[in-house]
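Below is one structure; the comments refer to it alone.
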Amino acid sequence: MNFQVGDKVRVKKIQELAALYGKPHQGVCGATVVVPGGYHFTSNMEHYGGTIRTIEENLGDGYRLSGVDGNYTFTDAMLDRVGGH
């Protein structure tokens, strides 16, 4: 895990993830990019892409982020650090 509770992160956009991990495929939740660890970044998560969030909870294999509605898990592959450390 690259981040700790309280860290500021930027959620990557689906286009960025597609460039890194392969083009989106059509899944039950719309367009989906599978990132390392087998997690899916879906089109339902896309409206968080490019936004700055705070890590609220470390789930062991992913994170819950501030201001995110729904039961989404974001992983290291989906996030960029904002600021120092």
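The values are calculated or read from the model by the stated rules, or taken from the named source; none is laboratory data. Given the structure is predicted, the values throughout are model-derived calculations rather than measurements. The accessibility values were calculated without ligands, DNA or RNA, using every heavy atom of the protein model including side chains. Shrake-Rupley method; radii C 1.70, N 1.55, O 1.52, S 1.80 Å.
Couple of notes before you dig in:
- Per-residue ³J(HN,Hα) for region 37-54, Karplus 6.51 cos²θ - 1.76 cosθ + 1.60, θ = phi - 60°, Hz, x for Gly and Pro: x, x, 7, 10, 9, 9, 4, 5, 8, 4, 5, 8, x, x, 8, 9, 10, 10
- Rounded percent of accessible protein surface that carbon and sulfur make up, the chain, 1.4 Å probe: 50 percent
- Average accessible area per residue (Å²) across the chain - probe 1.4 Å, nucleic acids and ligands excluded: 55 Å²
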